[in-house]
1. Excluding residues on the same chain fewer than 8 positions from residue 150, give the lysines whose Cα lies under 16 Å from its Cα.
2. Give the carbon-plus-sulfur fraction of the accessible surface of region 228-283 in %, rounded to a whole number; probe 1.4 Å, heavy atoms of protein chains only.
3. Placing unit charges on C-beta atoms (Lys and Arg positive, Asp and Glu negative, everything else neutral), compute the dipole magnitude of region 264-346 about its Cα centre in debye, rounded to 20.
4. Rounded to the nearest Å, what's the spacing between the alpha carbon centres of region 242-262 and region 139-184? Just the number, please.
5. Once you place label points 7 Å from the Cα toward the Cβ at residue 130 and residue 110, how far apart are they in nm?
6. Using the basic label-point model (7 angstrom from Cα toward the beta carbon), what is the residue 88 to residue 256 distance in nanometres?
7. Suppose R0 equals 30 Å. What FRET efficiency, 1/(1 + (r/R0)^6) with r the Cβ-Cβ distance, do residue 99 and residue 386 give to the nearest 0.05?
8. Rank 241, 358, 331 by how far each Cα sits towards the positive end of the charge dipole of region 229-386 (+1 on Lys, Arg Cβ; -1 on Asp, Glu Cβ) and give me just the farthest.
Amino acid sequence: MAEQTSPRAPLTGERETTSPFGAAATRRSFLRSTAVTALAAGVLGACKQGDAQSARTAAGKSGTPSDSDHSGGSMAPHPVTPAAAAAAMTPEQARANADRMDAMHEKGVKAFPAKTAGKGNQRLDPRVQNGVKVFEITAKPMKWETEPGKFVDAWAYNEQVPGPQIRVREGDRVRMIVKNELNESTAVHFHGLELPIEQDGVPFITQPPIKPGESYTYEFTVPEGNAGSHMYHSHLNAAKQVGLGLLGAFIVEPRRPRKIEKVDVDYVMILNDGMHGYTLNGKGFPATEPIVAKLGQKVRIRFMNEGMMIHPMHLHGMHMTVIDKDGWAQPAPWRCDTLNIAPGERWDVIVNCTNPGTWAFHCHVLPHAEAEHGMFGMVTALVVQK
Ligand SMILES: [Cu+2]
């Protein structure tokens with residue numbers, strides 16, 4: 001099985017542009033599908049404008065991200081609803097309006113995958129001490145670039161959002177040393193692992209809080225039969241601490257992988273919707289990372305939701321075969337093209353890359369993915385290379 005790739009492929013090789021959406025054939029097919037979406041959005045927009053407005057207001061008040069939280073937009077506010085404005089436009093004005101919007105959409109798509117400082121979810125190799133896999137993580141504040149030029153306050157493990165990826169095997173002895181360099185207490189919960197209670201990471205239930213300046217050591221044997229896609233995250237003031245970035249993937253590889261698990265690309269996709277906006281692995285479109293595979297290859301995607309909302313992830317062009325929920329094998333693999341990922345859930349899917357091209361891959365709660373100035377937030381692509 002291949003390691004998780006760092007898919008920089010669109011930036012190298014035979015492609016002429018820096019954007020995987022730039023290749024003419026794939027671009028045409030991509031634009032065909034987005035044209036339909038845009039048409040539907042326009043129709044829906046006419047009747048949903050009021051709802052969207054009140055949703056934005058409510059979201060702003062509750063501190064959750066809204067489509068005005070990201071930096072991509074530079075529109076003047078509409079004096080009237082888009083539907084009323086459209087009705088009042090001359091054909092020339094409508095054309096100019098479309099050109100203005102399309103230029104913003106095109107700019108975002110052409111910028112993908114945009115470079116930003118910092119990359120989360122990088123695999124952390126343990127130090128092996130007397131047969132124990134030792135991981136050290138430090139929680140501290142930093143600035144994190146979610147989109148080009150957009151730096152947000154983050155609380156991060158080892159200066160990564162998401163934190164470093166931990167990968168162990170069933171039966172491994174694991175020691176995790178957590179250092180707190182925050183101005184609040186913290187604690188780490190191993191979400192999905194069935195551990196002895198003193199290792200569960202819940203302050204005042206299973207341990208004292210880890211105070212600023214202190215270190216705390218967790219140590220456990222990963223239970224047999226507990227393989228799969230799990231997570232680790234803060235379990236103190238979690239809406240803030242996890243929202244600011246104190247989270248990561250904790251993957252347990254099985255001793256005996258199933259045949260269906262033998263894949264070419266193993267990709268972790270962590271969803272979040274806290275103070276950094278709508279993000280995939282700590283970045284918003286166009287700074288999200290494309291998943292890259294060759295025609296005929298199999299890709300495993302491990303969805304993990306560390307946010308506070310449901311995100312139905314939708315892949316264009318090919319279906320997903322769901323194999324695991326929260327690390328547990330499904331009674332039988334089942335197929336879908338849109339998969340709800342609720343907070344705390346992990347879903348593992350396999351995609352057989354049978355359809356070449358650059359396929360949009362996004363959350364289908366549309367205000368998490370696309371606005372008048374273009375796509376943003378929870379949008380990436382699956383690139384199937386011929
Ligand atoms: Cu979403």
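1. Qualifying lysines at Cα under 16 Å: 115, 119, 283.
2. Values: 900 of 1640 Å².
Of the solvent-accessible surface of region 228-283, carbon and sulfur hold 55 percent.
3. So the dipole magnitude of region 264-346 works out to roughly 220 debye.
4. 16 Å
5. My value for the distance between the label points is 6.1 nm.
6. Distance between label points: 7.2 nm.
7. According to the calculation, E is roughly 0.35.
8. 331
The values are calculated or read from the model by the stated rules, or taken from the named source; none is laboratory data. Because the structure is a prediction, the values reported are computed rather than measured. Positions of Cβ are generated from backbone atoms using ideal geometry, with glycine treated the same way; all protein chains shown enter the neighbour counts. For the accessible areas, the whole protein counts, side chains as well, though only heavy atoms, and no ligand, DNA or RNA atoms are used. Shrake-Rupley method; radii C 1.70, N 1.55, O 1.52, S 1.80 Å.
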